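Written below as structure tokens is the structure these notes are about.
Nothing in this text is a laboratory measurement; each read-out follows from the coordinates by a stated rule. Keep in mind it's a predicted model, so treat the numbers as computed, not measured. Positions of Cβ are generated from backbone atoms using ideal geometry, with glycine treated the same way; all protein chains shown enter the neighbour counts.
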Ligand code: SAH
């Protein structure tokens, strides 16, 4: 059983590895969200949670001059971040740490800005917001991107796809309410453009599918994982108006 789980986890990484990003986003959206954080102290400490291969970490390091601590559970992605940060010449300002977002090894009030692109859902948005609130200094910012419904009555196919992974998925208004309930002021939010779904994520993922189908030919369980990925890409093409990815920026009151 454990071996089976391990094997399927490896298939999952095989599907996901080598992509520029591990989720929806773009450098442009990262910088747009950062533009809402207009009042950072001169010396600022930033935490990037679920940094993955670190495209947004490096974008932040290019735009800010403070220290960034980037955390992810998976060493493989952290190695990709390290290489990317070295290539961009910003590695000296990035601390890379393997840790789980539900057990972050930091003192309360350690950060001026907590960043999280496409990973808050793993712990849950309300739970993530609560944990970040403790880690933020007064007047610190939080910026995260998250999947949202953009249609009141989305098609059943789409609901079925997201139900298992995102059981508490809500819309923009629902997420704003969660931010407020967690004790933050809402500073801003925006929907990511369609290009942020495709350029660094779904298009390179789709390009891997034929190779993956060939590699796992005859392996039913592995092919089911490849197939779910194919279905996710297909649904995005068919129902771009039903759901979206939104950035939210909040601030801990001073
Ligand atoms: N921010 C990156 C990655 C988003 S995908 C980007 O936008 O490209 C979600 C990331 O969360 C993955 O890198 C995954 O390895 C990481 N992750 C999954 N579970 C985690 C946990 N418990 N703690 C920290 N990171 C986790």
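The table below gives the values:
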{"quantity": "Computed helical MRE - 222 nm, the chain, DSSP H runs ≥ 4 contributing -39500 (n - 2.57), nearest 500", "calculated": "-13000 deg cm²/dmol"}
{"quantity": "Radius of gyration, Dmax [segment 2-84; alpha carbons; angstrom]", "calculated": "15.1, 50"}
{"quantity": "Estimated inter-spin distance, residue 4 and residue 100, nm [label 7 Å along Cα→Cβ]", "calculated": "2.3 nm"}
{"quantity": "Helix axis angle, 125-135 relative to the chain longest principal axis, alpha carbon, degrees", "calculated": "40 degrees"}
{"quantity": "Radius ratio Rg over Rh of the chain, counting only Cα atoms, Kirkwood formula for Rh", "calculated": "0.96"}
{"quantity": "Virtual paramagnetic centre 7 Å along Cα→Cβ of residue 67, amide N under 17 Å, in segment 19-53", "calculated": "41-49"}
{"quantity": "Gyration tensor (Cα) of segment 1-143, equivalent ellipsoid semi-axes in angstrom", "calculated": "26, 18, 13"}
{"quantity": "Residues 9, 175, 38, sorted so that the one with the fewest Cβ neighbours within 10 Å comes first", "calculated": "38, 9, 175"}
{"quantity": "Net length gained if the chain between residue 239 and residue 170 were fully extended (0.36 nm per residue, minus Cα distance)", "calculated": "23.2 nm"}
{"quantity": "Burial ranking of peptide ranges 112-121, 42-51 (average Cβ count within 10 Å, highest at the top)", "calculated": "112-121, 42-51"}
{"quantity": "Calculated FRET efficiency for the pair residue 43/residue 177, C-beta based, R₀ 30 Å, to 0.05", "calculated": "0.35"}
{"quantity": "Per-peptide average of other Cβ atoms within 10 Å, ordering 164-171, 225-232 highest first", "calculated": "225-232, 164-171"}
{"quantity": "Label-point gap, in nm, between residue 163 and residue 232 - each point 7 angstrom along Cα→Cβ", "calculated": "1.8 nm"}
{"quantity": "Equivalent ellipsoid, segment 126-254 (semi-axes from 5 times Cα gyration tensor eigenvalues, Å)", "calculated": "33, 16, 14"}
